[in-house]
């Protein structure tokens, strides 16, 4: 995006966080109207569900997931295909390299992968116990493994795996503390300073943010106001967790779900797990049209803009292997779509996610979720933050003219795990 376009946008828009010239100019300039690459593989994953009998807190009867499976090789092949298609490169390592600005990646570049473990608990989902069973709409180790393995193939296979960290705000109590283990991620023990962080030679790092631990928020943690046109607590002041801003760049791993307040969750909404006061944008009155809070529709773009300023996103990765199309984001009605999509444009990929969810809702006879203000005829909030992000904040394009779809369902499994060797930086992938 041209700088004069930003000046015009910020001069005439409300609820815009100040634009600061920094490394994030790379993110805005190179993500606007980025292609959306969608990859379908009907053999990638499967679920077996039956109608449940218990409603969640939104009075939606939750589907009972009897079983689910993921074909790791096929899923990793989907991710590699998507990254190579969006970059125009034929080698995975070179494809990932091309997503970074000049000077990066180098052996010191720190990369965070932002996950999303915001799904069911026993209050909202009495049909499924995700502390014991794999959740089809939770983060999948197959996808993060593909991202990590691809990144380690950068720099001709010498990019240090230790420079890559999985991050997410997690509960250290209750059943939800078991979710990462069930989803295929290694155990992370509590450190003496209270942080749940694991770093080791020859492996990626993991940092599960403990929101109640002050160590996660040093005095110099970056701050921003989510709703500057409001007053007092309704301005929703935010502080960004160190696990986020200590990275040079981020990769946004998002999961396709509808959302009881925002319409849908996605690339921009995923940033709510990066700060200490996301509830400050809507309080407990998230579903009240007369609430004094600014609400997610106005604040979601501000979150993305400010997180992206501190640690620019190089890619948004949409996991639509399974979607929650009604009752989300914590639980609800589930459908298998077996798609993975990528884009550098957060507005475009969220628009594509809305399209996927609406395809399922249309098949099920549910009203479609729009991107205009208001609600559907049955009361579901529209995803109006999309047009606010595009029109007021100029964060991206809602056009899907650059959508490119690929079906690799008939492609034979050819993904090969790269060989590794040691150097001074630890284990690295052989070229």
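Values in this text are rule-based calculations from the coordinates and carry no lab data. All of these numbers come straight from a predicted model, not from anything done at the bench. Note: ideal-geometry Cβ built from the backbone for every residue, glycine included; neighbour counts use all protein chains shown.
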Practice problem: Would you calculate the separation in nanometres between label points at residue 132 and residue 106, each defined as 7 Å from the Cα along the Cα-to-beta-carbon direction? | Solution: 5.2 nm
Practice problem: Could you work out the relative contact order of the chain, using alpha carbon pairs under 8 angstrom and six or more residues apart, expressed as a whole percent? | Solution: 23 percent
Exercise. Determine the percent antiparallel among the DSSP beta bridges restricted to region 3-411, to the nearest 5.
Key: 55 percent
Practice problem: Kindly state, to the nearest 0.05, the FRET efficiency for residue 375 paired with residue 193, given R0 = 45 Å and r defined as their beta-carbon distance. | Solution: 0.50
Self-check item: Gyration tensor verdict on region 30-128 (Cα atoms; rounded if a/c is under 1.5, prolate if a/b is larger than b/c, oblate otherwise)
Solution: prolate
Practice problem: Taking every pair of Cα atoms in region 356-408, average 1/r, invert it to obtain the Kirkwood radius, and report Rg/Rh to two decimals. | Solution: 1.05
Quiz item: Could you give the Stokes-Einstein D for region 175-234 in µm² per second, using the C-alpha Kirkwood radius, 25 °C, 0.890 mPa s?
Solution: 170 µm²/s
Practice problem: Would you kindly state how much longer the chain becomes between residue 223 and residue 181 on full extension, computed as 0.36 nm times their sequence separation minus their alpha carbon distance, in nm to one decimal? | Solution: 11.9 nm
Self-check item: Mean residue ellipticity (222 nm) of the chain, computed from DSSP H runs ≥ 4 via -39,500 (n - 2.57), nearest 500
Solution: -7000 deg cm²/dmol
Quiz item: Peptides 396-404, 348-356, 372-380: what's the order by average Cβ count within 10 Å, highest mean first?
Solution: 348-356, 396-404, 372-380
Quiz item: Quick one: if you stick a label point 7 Å off each Cα along the C-beta vector at residue 355 and residue 67, how many nm between them?
Solution: 3.5 nm
Exercise. Give me the percent of Cα-Cα pairs in region 238-291 that sit more than 13 Å apart, rounded to a whole number.
Key: 67 percent
Practice problem: State, to one decimal in nm², a quarter of the convex hull surface area for the C-alpha atoms of the chain, i.e. the direction-averaged projected area. | Solution: 19.8 nm²
Practice problem: Calculate the radius of gyration of the Cα atoms of region 181-291 to one decimal place, then report Dmax, the largest Cα-Cα distance, as a whole number, both in Å. | Solution: 16.2, 52
